[in-house]
Amino acid sequence: MKRKTILVTGSSGLIGSEAVEYFDRQDHVVIGMDNNMRRVFFGPPGDTTWNLERLRAVTRNFVPCDIDIRDAMRIREIFKKHRFDLIVHCAAQPSHDKARDIPTLDFEVNALGTVNLLEATRQHCPEAAFVFLSTNKVYGDAPNEIPMEELATRYDYARPEHFAGVDETCRIDRTLHSLFGASKAAADIVAQEYGRYFNMNVGVFRGGCLTGPSHSGVELHGFLSYLAKVALSGATYSVFGYQGKQVRDNIHSYDVVRAIDEFSENPRPGEVYNLGGGRANSVSIREAISRIEQIAGCKVSWRYVAEARKGDHVCYISNLTKFKSHYPRWEITRNLDVILEEIVAAQRTQPAQTPAH
Ligand SMILES: NC(=O)c1ccc[n+]([C@@H]2O[C@H](COP(=O)([O-])OP(=O)(O)OC[C@H]3O[C@@H](n4cnc5c(N)ncnc54)[C@H](O)[C@@H]3O)[C@@H](O)[C@H]2O)c1
């Protein structure tokens, strides 16, 4: 196998760190780009230094760089120094709710940062594969137009034709995105354009709930990780609206990186894929609380806030048919119980960061 040189942005975050470990294990050279901006967005509980230290300890060919993806000049320097075969772009302001407090910063990081990386790729290694981690929030609240029914512990799609979930034909405009959804949609469209207009090997993955043990979970981002953190610390979890019956589909960071690897081996320029845990890995907040209580062996204290988060999805399940048909070797390898067990185990060993609520 050819030894590749791979750039991972957001390398201390959930998906970035999984990508670093995965490609390092295959003996590729991995350059990481992360300036710990998650701490700027979310304060000390968002600090990713612990994860960077962990990566330094477990990797062999990983070179981390403290570079801001808004800084086009420093990005160019890195691209002049290395000829990348693959760029995995995970750095972002990742929170729907946080973006309303920092609209300019959110747009600069999510949209401008992405253009900086795409343009550096075009200038220096146009044949490289480039994977952009987009989000299901590019669909805004359009998925809420799907007819739903309220069940005992969750909402679900009311009609069989929607059972497999939301596919890539869902519209992305004329919908309420949140400013985060809008900045990611801008980046998503630009990334597609580098694929279609310049015929570069760019793939866009619209994530459902991406999760795993390496998340620095905070209330505003990292649902299951934060829930496990609250459960173990004895703090109180806030459930916002929909009686806690809103549904998310959860995918382990390892399965996300496996999908990135499949795409990079056989890229399709400008393609867009929904990527989440699918129906089998879907769970409502109420159901997640019960399962975490069983796994962690403790009662979760939670309070109900009647007002839902603005633009929140009532039931979102990623339809994985397109990705599976293009990359039939790929499958979900970690079910929800395995994911939750890993997250709870990791929370027991991570440095204690008591949640604010
Ligand atoms: N986690 C999810 O549920 C989810 C869902 C859908 C889409 N996504 C997308 O997947 C990607 C990865 O998400 P994640 O959960 O790993 O996020 P994360 O917050 O865990 O990781 C992102 C990393 O990027 C770094 N970063 C932020 N701004 C930066 C900047 N200006 N320069 C350099 N580094 C910067 C942060 O410090 C952090 O370590 C993001 O693009 C996110 O929008 C995530």
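Residues of the stretch 20-28 include none that is at pLDDT below 95, among the basic types (Lys, Arg), away from the ligand (no atom under 15 Å from the Cβ) and open to solvent by 60 Å² or more (accessible area, probe 1.4 Å). Within the option set Leu86, Leu52, Leu7, being open to solvent by less than 40 Å² (accessible area, probe 1.4 Å), within 30 Å of Val230 (Cα to Cα) and modelled with pLDDT of 95 or more holds for one residue only, Leu52. Give me a count of the residues in the stretch 277-316 that are of a type in the set (Val, Ile, Thr) and without any contact (Cβ under 8 Å) to a residue 12 or more places away in the chain. Residues in the stretch 277-316 being of a type in the set (Val, Ile, Thr) and without any contact (Cβ under 8 Å) to a residue 12 or more places away in the chain: 0 in total.
Total residues in the stretch 195-228 satisfying the condition of being assigned to a helix (DSSP H, G or I), open to solvent by 20 Å² or more (accessible area, probe 1.4 Å) and within 16 Å of the ligand (Cβ to nearest atom): the figure is 1. Residues in the stretch 31-45 that are within 6 Å of the ligand (Cβ to nearest atom) and crowded, with 23+ Cβ neighbours inside 10 Å: Met33, Asp34, Arg38. Thr169 meets each of the listed conditions (1) open to solvent by less than 40 Å² (accessible area, probe 1.4 Å); (2) farther than 24 Å from His221 by Cα; (3) in a loop (DSSP other than H, G, I, E, B) apart from (1). Taking the criterion of being more than 13 Å from Asn266 (Cα to Cα), open to solvent by less than 50 Å² (accessible area, probe 1.4 Å) and either outside any loop (DSSP other than H, G, I, E, B) or at pLDDT below 95 (or both), the only residue of the stretch 318-332 that qualifies is Ser318. Do we have any residue at all in the stretch 71-81 that's in contact with a His (Cβ under 6 Å, 6 or more places away or on another chain), within 20 Å of Thr121 (Cα to Cα), open to solvent by less than 60 Å² (accessible area, probe 1.4 Å) and touching a residue at least 12 places away in the same chain (Cβ under 8 Å)? Checked against the condition, which is being in contact with a His (Cβ under 6 Å, 6 or more places away or on another chain), within 20 Å of Thr121 (Cα to Cα), open to solvent by less than 60 Å² (accessible area, probe 1.4 Å) and touching a residue at least 12 places away in the same chain (Cβ under 8 Å), the stretch 71-81 yields at least one hit.
Quick one: would you say Ser253 is under 13 Å from Ile339 (Cα atoms), touching a Gly at 6+ places or on another chain (Cβ under 7 Å) and open to solvent by less than 10 Å² (accessible area, probe 1.4 Å)? Taking the combined requirement at face value, the residue satisfies it. Being touching a strand residue (DSSP E or B) at 6+ places or on another chain (Cβ under 7 Å) and either of a type in the set (Lys, Arg) or more than 10 Å from Gly32 (Cα to Cα) (or both) is the filter here, so list the residues in the stretch 60-86 that pass it. Answer for the stretch 60-86, where residues must be touching a strand residue (DSSP E or B) at 6+ places or on another chain (Cβ under 7 Å) and either of a type in the set (Lys, Arg) or more than 10 Å from Gly32 (Cα to Cα) (or both): Asn61, Ile69, Ile78, His82, Arg83, Phe84, Asp85, Leu86. When residues in the stretch 113-140 are screened for being under 16 Å from Ala186 (Cβ atoms) and either open to solvent by less than 30 Å² (accessible area, probe 1.4 Å) or in contact with a Lys or Arg (Cβ under 7 Å, 6 or more places away or on another chain) (or both), 14 of them pass.
The values are calculated or read from the model by the stated rules, or taken from the named source; none is laboratory data. Note that the structure is predicted; figures quoted are calculated from it, not measured. Neighbour counts are summed over all protein chains in view; Cβ atoms, including those assigned to glycine, are modelled from backbone coordinates with ideal geometry. For the accessible areas, the whole protein counts, side chains as well, though only heavy atoms, and no ligand, DNA or RNA atoms are used. Shrake-Rupley method; radii C 1.70, N 1.55, O 1.52, S 1.80 Å.
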